[in-house]
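I have placed the structure first, in the form of C-alpha cells, so that the comments after it can refer back to it.
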Amino acid sequence: MTATSLLMPAFKPAINPVNRFSMERHMTSGQCLCGTVRFSLAVEPRFFYRCHCTLCRKQTGVGHNLATLVKACDFRWDAGQGAITSWRKPSGYRNDFCSQCGSTVPNPLRESPYFWIPLGLLDVELSMECVGDFCTDDAMPWDEHRSEKSHGAAPDSLGFILHELQVDTGE
C-alpha cells in the first residue's frame, strides 16, 4: 500500500428509503466486460459529460471518460456486488472495478445520494447528449474531440453538474 492510494472492498451504501424499482419499471441495464457485475437503472439518462483529467484518462486508458449521474434510489445492483474492488486516493477520487475482468463499474459519488455511471457499461443504445467537456486543460494534444461547452477545469460544484445533466435533485 502506498501513501497515495488504498485498495479496499467497495463501499456498500445504505439502502435508500425510496425504492423506485418497486414503483417503476426497469428502464436501463448494464454490466462489466465479463458479466459478473450487473446493475439496473429506473431512469433513462438523457445527458452525459466527458472528463479529460489525468485520473479519468488513466482510469479508461483513452483520452477521457464518458459518464452520467443518477440518484441512488434509481440505481440497483443486480449481481456481482461482492466482486467489486475499490481503489481510492486520499483526495477522494475512487475507481470501483470488477475483480474478475477489471472493468470500471458504477460507484456511489462520494458522500452524496448519487451514483456515477460509466456509459460504456450500458447494454442499451440510448439517445444521449453531451452537456460538456471538463478538465480540457489536462487533455492530451491528440485528444481534440469537444462538445459545444468546454471547461478547462473540473465542475465548480456537484450542483452544477447535476443541473447540466438534468438530474432531479428533489426527494
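Assorted remarks:
- Summary of packing: across the peptides 29-41, 141-153, 75-87, the per-residue average of other C-beta atoms within 10 Å ranks them, highest first, as 29-41, 75-87, 141-153.
- For segment 157-166, putting each phi into the Karplus relation 6.51 cos²θ - 1.76 cosθ + 1.60 with θ = phi - 60° gives couplings of 7, 4, x, 4, 5, 4, 5, 5, 7, 6 Hz, in residue order, rounded to whole numbers and with x for Gly and Pro.
- Exposure proxy for CYS56, CYS130: other Cβ atoms within 10 Å of each Cβ, ordered fewest to most, give CYS130, CYS56.
- Least to most buried among LEU55, LEU122, LEU69 (fewest other Cβ within 10 Å first): LEU55, LEU122, LEU69
- Alpha carbon Rg of segment 6-165, scaled by the compact-globule rule 2.2 N^0.38 Å: 1.01
- The smallest convex shape that holds all Cα atoms of segment 27-80, its convex hull, gives 96 Å³ per residue.
- Between the C-alpha center of segment 142-171 and that of segment 41-93 there is a gap of 14 Å.
Computed from the coordinates by the stated procedures, all read-outs in this text should not be read as laboratory data. As the structure is a computational prediction, the values presented were derived from the model and not from experiment. Every residue, glycine as well, gets a Cβ built from its backbone with ideal geometry; the counts of neighbours run over all protein chains shown.
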